[in-house]
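**Q** Please read through the structure below; I'll follow up with questions.
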Amino acid sequence: MTTYRSKILATGSAFPANRVTNADLAQRVETNDEWIVERTGIRARRVADAAKGELNSELALRASKQALDRAGLSATDIDFILYATVSPDHVMPNTACVLQEKLGAKRAGALDISAACSGFVYALSIADAFIKTGQYRNILVIGAEVLSPMVNWDDRGTCILFGDGAGVAVLSRAPEGDASQIYSTHLYADGWSKELFFVPAGGTAMPVTHEVLDQKLHLMQMKGREIYKVAVRMLADCATEALTKNGFTVKDVDWLVPHQANLRIIEAVAKRLDFPMEKVIVNIEEFANTSAATVPTAFDEAVTNGKIKRGDLVLFDVFGAGLTYGSALLRY
Ligand SMILES: CC(C)(COP(=O)(O)OP(=O)(O)OC[C@H]1O[C@@H](n2cnc3c(N)ncnc32)[C@H](O)[C@@H]1OP(=O)(O)O)[C@@H](O)C(=O)NCCC(=O)NCCS
């Protein structure tokens with residue numbers, strides 16, 4: 001069987017207009033800018049306004065149009081849409097179908113991927129496999145979240161951490177001889193730790209009732225300190241595995257693009273890998289944790305501002321609720 005390679009052809013991103021600072025949050029819960037910056041590195045986040053049309057699918061639409069434009073493709077060139085999100089517009093249909101219609105991607109199959117903050121790398125891995133087999137040529141890989149309606153804005157332990165946004169990559173079959181390629185992806189999960197970060201109600205296990213709403217069980221609950229401990233190990237292990245598998249060392253890596261959950265986690269991983277922070281892409285300060293959108297938006301920003309260039313060796317490294325974790329090593 002002929003196998004092909006995939007490459008990221010182009011990227012795009014979009015954020016809601018409303019910028020909420022730490023000082024804004026301090027008016028609602030007992031916290032302050034200094035504590036949040038010191039413990040997380042976050043200074044601001046964007047919060048979507050559904051009344052103004054800032055739906056998850058609308059952010060993804062803006063990011064997708066930008067990515068397609070940069071790729072020189074039209075929506076009908078897209079064979080498949082893989083949409084990583086845990087904050088879909090609706091439970092049913094999937095948001096990939098909603099986007100398909102908005103975009104006019106008439107030929108595409110459309111699927112949502114639920115792997116929380118690891119979602120984009122999970123989706124990228126599946127897209128890469130589709131392209132490798134020759135089944136598809138152009139796939140829209142999306143990481144997009146509107147988490148704000150799932151945040152308990154009265155819980156200072158979580159509300160400071162999250163934001164809304166969308167990032168998109170067009171993954172396409174690489175022409176023969178092209179250096180750009182996905183080398184490998186590595187996906188893992190730890191379902192035993194599922195209650196470290198979860199939304200108790202809203203699924204079929206606990207449908208929404210008045211009592212559920214009163215107890216805020218439809219909102220995110222997190223054991224932050226416990227996640228922190230395992231996240232560093234998961235990220236470091238996945239990064240090392242991707243490098244070992246392909247015969248590279250950390251010295252070969254031009255850019256590390258980690259999930260943006262907490263700057264201290266990112267710094268601890270860099271330290272453990274003996275990797276310089278100057279080569280780590282960070283956008284948490286301005287956008288906070290946008291779950292599946294952190295890696296594609298951070299990557300897009302770094303490509304757009306000229307930091308990441310064609311030919312660079314780039315390592316994506318993620319973890320999230322589930323728990324899920326993984327990495328992807330690619331030459332851009
Ligand atoms: C949530 C997180 C920032 C908390 O930081 P921390 O250093 O672990 O802080 P702790 O939870 O130990 O809390 C320390 C103290 O600060 C307080 N505190 C918590 N949130 C606060 C806030 N926003 N402002 C001020 N004080 C706060 C706590 O109540 C606690 O007070 P106490 O000692 O009197 O009980 C950190 O644990 C974290 O980022 N964890 C990972 C979470 C994550 O990545 N989630 C997403 C997964 S994809």
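The values are calculated or read from the model by the stated rules, or taken from the named source; none is laboratory data. Bear in mind that the values here come from a model prediction, so they are computed numbers and not experimental data. Please note: Cβ atoms are built from the backbone with ideal geometry, for glycine as well, and neighbour counts cover all protein chains shown. Heads up: the accessible areas ignore ligands, DNA and RNA and are worked out on the full protein's heavy atoms, side chains in. Shrake-Rupley method; radii C 1.70, N 1.55, O 1.52, S 1.80 Å.
**Q** Only bridges whose two residues both fall in the range 6-173 count here: according to DSSP, what percent of them are antiparallel, nearest 5?
**A** 65 percent
**Q** Right, another one. Would you mind calculating the relative contact order of the range 181-331 from Cα pairs under 8 angstrom and at least 6 residues apart, reporting the percent as a whole number?
**A** 38 percent
**Q** Could you rank MET277, MET1 by how accessible they are, 1.4 Å probe, largest area first?
**A** Listed by decreasing accessible area, they come as MET1, MET277.
**Q** Looking at the range 1-54, which GluC sites (Glu not before Pro) are DSSP coil and have at most 10 other C-beta atoms within 10 Å of their C-beta?
**A** Taking the range 1-54 and a limit of 10 other Cβ atoms within 10 Å, the loop GluC sites (Glu not before Pro) found are GLU30.
**Q** Go through VAL170, VAL98 and list them by solvent-accessible area, largest first, probe radius 1.4 Å.
**A** Largest accessible area first, the list is VAL98, VAL170.
**Q** Moving on to the next point. Quick one: what are the phi-derived ³J(HN,Hα) couplings along the range 309-322, Karplus 6.51/-1.76/1.60 with θ = phi - 60°, whole Hz, x for glycine and proline?
**A** Result, ordered by residue: 10, 3, x, 6, 8, 10, 10, 8, 8, 9, 8, x, 4, x Hz.
**Q** Same structure again: Name the shape class, rounded, prolate or oblate, that the alpha-carbon gyration tensor gives for the range 94-162, where a ≥ b ≥ c are the square roots of its eigenvalues, rounded holds for a/c under 1.5, and otherwise prolate holds if a/b is larger than b/c and oblate otherwise.
**A** It comes out oblate by the Cα gyration axes.
**Q** Now a separate question. Roughly what % of DSSP beta bridges within the range 75-196 run antiparallel, to the nearest 5?
**A** Just about 45 percent of them are antiparallel.
**Q** A follow-up question, please. Over the range 6-173, what number does the Rg to Rh ratio reach, with both radii from the alpha-carbon atoms and Rh per Kirkwood?
**A** When Rh is taken as the Kirkwood radius, the ratio is 1.03.
**Q** Go through HIS210, HIS218 and list them by solvent-accessible area, largest first, probe radius 1.4 Å.
**A** HIS210, HIS218
**Q** Follow-up question, since we're still on this one. Could you calculate, for the chain, the ratio of the Cα radius of gyration to the Kirkwood radius, expressed as Rg to Rh?
**A** The Rg/Rh ratio comes out at 0.95.
**Q** Normalised by the number of residues in the chain, what is the relative contact order in percent for Cα pairs under 8 Å and 6+ residues apart?
**A** 25 percent
**Q** Let me ask something else about it. Could you give the length gained on full extension between GLN221 and TRP153, defined as 0.36 nm per residue of separation minus the Cα-Cα distance, in nm?
**A** The span from GLN221 to TRP153 would gain 23.3 nm if fully extended.
**Q** Further, regarding this structure: Helix-only estimate, please: 222 nm mean residue ellipticity of the chain, summing -39500 (n - 2.57) across DSSP H runs of length 4 or more and dividing by its residues, to the nearest 500.
**A** -9500 deg cm²/dmol
**Q** Which of LYS271/LYS307; LYS106/LYS245; LYS52/LYS106 have a Cα-Cα distance over 32 Å?
**A** LYS106/LYS245
**Q** Tell me, in nm to one decimal, what length is gained between ALA17 and ALA51 on full extension, where the rule is 0.36 nm per residue of separation less the Cα-Cα distance?
**A** 11.0 nm
**Q** Classify the range 83-130 as rounded, prolate or oblate from the Cα gyration tensor: take a ≥ b ≥ c as the square roots of its eigenvalues, call it rounded if a/c is under 1.5, otherwise prolate when a/b beats b/c and oblate if not.
**A** oblate
**Q** At a probe size of 1.4 Å, how large is the accessible area of ASP69, to the nearest 10 Å²?
**A** 120 Å²
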